[in-house]
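A quick write-up on the structure given underneath.
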Amino acid sequence: MLLKKKDLTVLAQHYDSHADSYLVLGKRKNRTKSLKRYVVAWRSRHRDQFAVCHYFTDSHSAEQYFNDVVYDEDRPDHPLLQKDWQKKAVYDWEQKTLIPHSRKINEKQARVLLQKVSRECGMKSPRLVWDKPAEGSSYDIDDHVIHFGHRDNISLLHEMAHVLYKHDLDESETDIPTTHSPGFVWTAIELYHRYAGINLNYLIIMAAQQNILGDMSEHQIIFAERPLQQNVKNNGPKKPKPP
Ligand SMILES: [Zn+2]
């Protein structure tokens with residue numbers, strides 16, 4: 001039987017902006033014959049039913065497991081419940097909001113920008129391969145290489161956002177694929193603001209209109225305050241939402 005949103009009383013939940021999903025600690029409402037009434041499971045923000053369910057007989061064990069998943073850097077289970085679901089919406093937002101503010105860059109300027117972003121964000125600079133325009137641009141995670149076919153600063157910052165976002169995720173999550181998740185979008189906004197000088201509110205408002213920021217109520221920290229030249233890898237433990 002599939003467990004649905006209405007079947008659980010939510011005791012605590014934690015939002016993950018990479019998966020755009022909630023990790024939920026809940027108690028089953030229905031009079032199930034099973035003694036395992038406590039559940040820790042993931043639910044996509046876009047779906048009604050739960051996935052990757054773990055059942056427990058007592059609340060203490062369930063709570064323990066919930067906290068393990070939230071705080072443990074190894075993240076025993078961290079599903080991407082959907083494929084790269086908002087890729088098109090992110091591209092549309094960039095076309096509409098950013099391309100008018102883009103400027104052309106040559107290879108030398110691209111390398112300077114790449115070094116500057118890497119240095120100021122405290123991460124190892126990726127290698128830049130200057131491709132033909134027809135090739136488009138992409139970030140190869142395994143080789144830490146940006147293949148760059150575009151000729152503008154916004155496109156380079158987009159690829160750098162993939163690099164930085166990846167860098168900010170735990171090392172142990174290296175097998176998590178590159179997507180254009182809400183978490184990615186917040187990172188990209190930061191770079192577009194800082195390195196292309198685009199107004200922060202404008203970026204956020206336009207992204208919110210495009211509905212690519214995930215659960216806004218869970219993103220109250222103003223990321224733009226991230227200090228320069230600091231190792232940004234450890235964002236500290238994420239606090240679960242009180243029940
Ligand atoms: Zn991308």
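Looking at segment 25-71 only, could you name the residues that are of a type in the set (Val, Ile, Thr) and in contact with a Leu (Cβ under 9 Å, 6 or more places away or on another chain)?
Matches in segment 25-71: 39, 40, 52, 57, 69, 70.
Can you tell me which residue among 63, 94 is within 16 Å of the ligand (Cβ to nearest atom), charged (D, E, K, R) and either assigned to a helix (DSSP H, G or I) or touching a residue at least 40 places away in the same chain (Cβ under 8 Å) (or both)?
94
Report yes if some residue within segment 115-124 is surrounded by 12 or more Cβ atoms within 10 Å (Cβ to Cβ) and in contact with a strand residue (DSSP E or B) (Cβ under 6 Å, 6 or more places away or on another chain); otherwise report no.
No: zero hits.
Okay, residues lined up against (1) within 15 Å of the ligand (Cβ to nearest atom); (2) at pLDDT below 90; (3) of a type in the set (Asp, Glu):
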| position | (1), (2), (3) |
| --- | --- |
| 129 | no, no, no |
| 132 | no, no, no |
| 136 | yes, no, no |
| 142 | no, yes, yes |
| 148 | yes, no, no |
| 158 | yes, no, no |
| 161 | yes, no, no |
| 164 | yes, no, no |
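Here is a check on your reading of the model: is residue 118 modelled with pLDDT of 95 or more and away from the ligand (no atom under 16 Å from the Cβ)?
Judged against the criteria, residue 118 is a match.
Residues 98, 80, 23: which one is closer than 18 Å to residue 213 by Cβ, modelled with pLDDT of 90 or more and crowded, with 18+ Cβ neighbours inside 10 Å?
Criteria check complete, one pass: 98.
The values are calculated or read from the model by the stated rules, or taken from the named source; none is laboratory data. Because the structure is predicted, anything quoted here is derived from the model rather than measured. Note that we place each Cβ from the backbone using ideal geometry, even for glycine, and neighbour counts take in every protein chain shown.
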